[in-house]
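> Take this structure, written in structure tokens, and hold onto it; I'll ask about it next.
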Amino acid sequence: LRKLKDSEEFQDLTYVVQTYLSKVFTPTDMETLAYLYDVLKMPSYLIEYLVEISVQRGKRSLRYIETVALDWHKRGIDTIEQAKEENMHFTSEIWAVMKAFGISGRNPAPMESDYIKKWYTTYGFSKELILEAVNRTMGTINTPSFKYADSILTKWKGANVKTMEDVKKLDAKHEDNVRKIVENKPQPGNKFHNFEQRKNDLDSMMLDKLKRKI
């Protein structure tokens, strides 16, 4: 920060970002912005674009912006063109999920957007797997529940699912477990038979005891 205090470009960037986010930066906020600019070496125009699209998504947290910036840096996104392509791709992925849920005519709510970002970015699932979870949600509870779909995808993540083939194997394993439980469940007829057998054994024991007494 001491090094950047005389940088006109950084001061302009700080003003623009504060204006977009409608807040006055704390020292921690300043350190975060300086990290993106001076350590990650992100051009000021790229940071401005990132802040702009974040605000459009309803995200005004500098922590969110930093997370996206680190992801871009990791994947080598360092130009406006690459960032725009990434944004278009992410937007199309969001609308694919919204359409599968039967939701149209509005943007995703912040919570919905968080779920979708989590599935694509944090979990690293393909569009195919995410839409499969959404379709199963709609088929099971017949209502667009992001929480229910998230429970399916979290389970798949825990099972290290990466492809539809993995999903089929997991389904087959589940069906096999259910079949074994059903097969091993005591049948009503068996319970009655066991009761009758115990009753007969008790009757025989009482009869022997009576004979000994006589």
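The values are calculated or read from the model by the stated rules, or taken from the named source; none is laboratory data. If you're wondering where the values come from, they're calculated on a predicted model, not measured in any experiment. Areas reflect the complete protein model, heavy atoms only, side chains present, ligands, DNA and RNA absent. Shrake-Rupley method; radii C 1.70, N 1.55, O 1.52, S 1.80 Å.
> Hey, Thr154 hits all of (1) modelled with pLDDT of 95 or more; (2) not in a helix (DSSP H, G or I) but one; which does it fall short on?
Exception for Thr154: condition (2).
> Does Ala96 satisfy the condition of being under 16 Å from the mean Cα position of the chain (by Cα), open to solvent by less than 40 Å² (accessible area, probe 1.4 Å) and either over 18 Å from Ser151 (Cα atoms) or modelled with pLDDT of 90 or more (or both)? I'd like the intermediate steps shown before the answer.
On the way: under 16 Å from the mean Cα position of the chain (by Cα): yes; open to solvent by less than 40 Å² (accessible area, probe 1.4 Å): yes; either over 18 Å from Ser151 (Cα atoms) or modelled with pLDDT of 90 or more (or both): yes.
Considered against the rule, which asks whether it is under 16 Å from the mean Cα position of the chain (by Cα), open to solvent by less than 40 Å² (accessible area, probe 1.4 Å) and either over 18 Å from Ser151 (Cα atoms) or modelled with pLDDT of 90 or more (or both), Ala96 comes out as yes.
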